[in-house]
């Protein structure tokens, strides 16, 4: 969506008053958002992720026997565009070369027929070898390579399908994993037990990415740990399981595989996906293919065809998205338009309201019901089709947007709000916080098994999701003394960092946490002059960049010294501004400079440029650039800023 026309430049002399420029910027932003709304009332921007997912799509088509040379050419063209000058591929814009991403892209390009002597391939090979080559890659990359004979299956962990037979009340069951990891792991139990190998031509071999050669390589995987640690313990368990895999007698294997197969079939969504996200989708298709499902089977045909909705194609390039975000984009775009003064009766808001009401998940059978069997459904999911995994974050933001429409007396609206709020309340964790998809999904033991050397595999409560839920309950009039609100407040105050900030799970990072928590505290009726809030304001006052904007690099997840440090972005500046407004600091210098930054960097067409990745999939390991974050967060912040100034003027 971004264009490359020049941003508005500040006029040092004769610049119109702030109020005039603010109104002009808000109007331009509103006009832009209204132009890009889809006819059905939704908004939906691109989710840009790292290039491994595009490489994996190419590899998937080969595994399924559905190669498309023309599409492969376009994928290679896109990979070339994204390659770093030194030769690797990064996990986020501005990040360093990532070994896993580089190896997967190199292999995909080689399978697509790119000459290994091509300069792009030479540079990629040098980077991969400098980072340790194939032996140093993560478990998932090694699995992909093993599927094509480029890594030995004995260098992958044991993940027996018999875990499907572990009841939900016992440790080690599949519901101990987060929703996003669960379907992936179920599919991987099939692949890691049956160990299929798909032939690739000899020219596609990547033996050259083994620093010591394949014959001298130790086929290892996963994290190492002290023998007295849980990591070391599970290393021992893994060795035992792999010895058992060598036995021809596995009395429960057939039953377990059939249960895994049924589990996957029952959870395919209407659009063909699993969980609405790329990882479980590709692994499920490969698992079912390995179990004997032909490509003309309805499940396989629907699953493969569904990728078209997640694809971006031009005359020269093709790439896929890890997910689509229509519900999230729609409700936040609504909030931005509402906060910036668009009346509820405006046709765009009426259409988006109808669209959201139609997309409420009222189906039974979601995985969340394993721990909440008596709770009635009523949440919203992130995607178009995801009846299995509604989430608290989307539900909270949708409820806020719907409530602000003011359709009092409308029975559909009343029922939607009631069911959504009841579902969200029922998803509160024991400690008062909210996770995203499940309740009390906190068994950290699962993160120490050898298979889990990637991202996040559990779904504990987080500050940002809790804040969004709390904000809704505050807006809905829940008394500050209510048990739901009090438990949430205790959780948030207990989670505040020593420096006054809050960590952000789904947005980068502490700036996002502050932009979520401070508005929630305000709507919950908390004293915004209390020490906890003042400390948060001090953090914000000490972290703007020289240009007045805020930025935070993805590195802050691994290096707390990077908190609040990075190039200014429109979305992160907006989150900081929203936090300052909630804290009563709209007239402060930091807020004014943030507003000036947004107005001066706004493009003539009404949007902003933002190549940085400010969204989070797995903190640090899998980052996302939401292409609409640059559109609606600034509009929301500018709208709230203007309203705050008006209210202060009225109170004078």
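Does the stretch 208-221 hold any residues that are at negative phi and exposed (fewer than 11 other Cβ atoms within 10 Å of the Cβ), and which are they? Talk me through it step by step, then tell me what you get.
The first filter runs over the stretch 208-221 and keeps only residues at negative phi, leaving 208-212, 214-221.
Residues satisfying the conditions are 212, 215, 216, 218.
Of all residues in the stretch 259-292, those being part of a loop (DSSP other than H, G, I, E, B) and more than 15 Å from residue 367 (Cα to Cα) number 6. Close Cβ contacts (under 9 Å, 6 or more residues apart or on different chains) running from residues in the stretch 633-652 that are over 27 Å from residue 507 (Cα atoms) to residues that are surrounded by fewer than 24 Cβ atoms within 10 Å (Cβ to Cβ) comprise 645/18; 645/19; 645/22; 645/586; 645/587; 647/586; 648/586; 648/587. The set of residues from the stretch 80-94 being surrounded by fewer than 20 Cβ atoms within 10 Å (Cβ to Cβ) and in contact (Cβ under 8 Å) with a residue 60 or more places away in the chain comprises 81, 93, 94.
Give the residue that is surrounded by the fewest Cβ atoms within 10 Å (Cβ to Cβ), with candidates limited to residues of the stretch 289-304 that are under 23 Å from residue 259 (Cβ atoms) and touching a residue at least 40 places away in the same chain (Cβ under 8 Å). Once the filter is applied, the top-ranked residue is 291.
Hey, does the stretch 372-392 have a residue that's free of Cβ contacts under 8 Å to residues at least 24 places away in the same chain and at negative phi?
If we filter the stretch 372-392 for residues that are free of Cβ contacts under 8 Å to residues at least 24 places away in the same chain, which is where we start, we get 373-374.
Checking which are at negative phi leaves us with 373-374.
Looking through the stretch 372-392, at least one residue is free of Cβ contacts under 8 Å to residues at least 24 places away in the same chain and at negative phi.
Just one of the listed residues (626, 597) is buried (at least 22 other Cβ atoms within 10 Å of the Cβ), more than 26 Å from the chain's Cα centre (by Cα), assigned by TED's automatic domain parsing to the domain that holds residue 437 and farther than 21 Å from residue 501 by Cα, and it is 597. Collect the residues in the stretch 525-551 that are under 21 Å from residue 433 (Cα atoms) and crowded, with 22+ Cβ neighbours inside 10 Å, keeping them in residue-number order. Result: 533, 536.
Residues checked against (1) closer than 18 Å to residue 337 by Cα; (2) in a helix (DSSP H, G or I); (3) modelled with pLDDT of 95 or more:
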| site | (1), (2), (3) |
| --- | --- |
| 11 | no, no, no |
| 26 | yes, yes, yes |
| 33 | yes, yes, yes |
| 43 | yes, no, yes |
| 67 | no, no, yes |
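For the stretch 178-204, the set of residues classified as under 26 Å from residue 435 (Cα atoms) and either more than 20 Å from the chain's Cα centre (by Cα) or part of a loop (DSSP other than H, G, I, E, B) (or both) consists of 178, 186, 187, 188, 189, listed by residue number. For the stretch 602-623, the count of residues that are assigned to a helix (DSSP H, G or I), touching a helix residue (DSSP H, G or I) at 6+ places or on another chain (Cβ under 8 Å), surrounded by 22 or more Cβ atoms within 10 Å (Cβ to Cβ) and in contact (Cβ under 8 Å) with a residue 24 or more places away in the chain is zero.
Checking each residue in the stretch 563-582 for being assigned to a helix (DSSP H, G or I) and under 28 Å from residue 530 (Cβ atoms) picks out 571, 572, 573, 574, 575, 576, 577, 578, 579, 580, 581, 582.
If I filter the stretch 184-205 for residues that are more than 26 Å from residue 293 (Cβ to Cβ), surrounded by fewer than 23 Cβ atoms within 10 Å (Cβ to Cβ), in contact with a helix residue (DSSP H, G or I) (Cβ under 9 Å, 6 or more places away or on another chain) and assigned by TED's automatic domain parsing to the domain that holds residue 281, do I get at least one hit? Spell out the reasoning first.
In the first step, residues of the stretch 184-205 are kept if they are more than 26 Å from residue 293 (Cβ to Cβ); the result is 202-203, 205.
Narrowing the set further to residues that are surrounded by fewer than 23 Cβ atoms within 10 Å (Cβ to Cβ) leaves 202-203, 205.
Retained after the next criterion (residues that are in contact with a helix residue (DSSP H, G or I) (Cβ under 9 Å, 6 or more places away or on another chain)): 203, 205.
After this cut, where a residue has to be assigned by TED's automatic domain parsing to the domain that holds residue 281 as well, the list is 203, 205.
Checking the stretch 184-205: at least one residue is more than 26 Å from residue 293 (Cβ to Cβ), surrounded by fewer than 23 Cβ atoms within 10 Å (Cβ to Cβ), in contact with a helix residue (DSSP H, G or I) (Cβ under 9 Å, 6 or more places away or on another chain) and assigned by TED's automatic domain parsing to the domain that holds residue 281.
Output yes when any residue across the stretch 583-598 is in a helix (DSSP H, G or I), at pLDDT 95 or above and under 21 Å from residue 466 (Cβ atoms), and no when none is. No, the conditions are met nowhere in the stretch 583-598. Just one of the numbered conditions (1) without any contact (Cβ under 8 Å) to a residue 60 or more places away in the chain; (2) surrounded by 19 or more Cβ atoms within 10 Å (Cβ to Cβ) is not true of residue 554: (1). Checking residue 175 against (1) outside any helix (DSSP H, G or I); (2) modelled with pLDDT of 95 or more: exactly one of these is not met. Which one? Against the list (1) outside any helix (DSSP H, G or I); (2) modelled with pLDDT of 95 or more, residue 175 comes up short only on (1).
If only residues of the stretch 147-163 that are part of a helix (DSSP H, G or I) and crowded, with 22+ Cβ neighbours inside 10 Å are counted, the one that is modelled with the lowest pLDDT is 161.
Within the stretch 305-359, being part of a helix (DSSP H, G or I), outside the structural domain of residue 26 (by TED's automatic domain parsing) and surrounded by fewer than 19 Cβ atoms within 10 Å (Cβ to Cβ) holds for 305, 308, 309.
The values are calculated or read from the model by the stated rules, or taken from the named source; none is laboratory data. Because the structure is a prediction, the values reported are computed rather than measured. Counting neighbours? That spans all protein chains shown, and the Cβs are built from the backbone with ideal geometry, glycine included.
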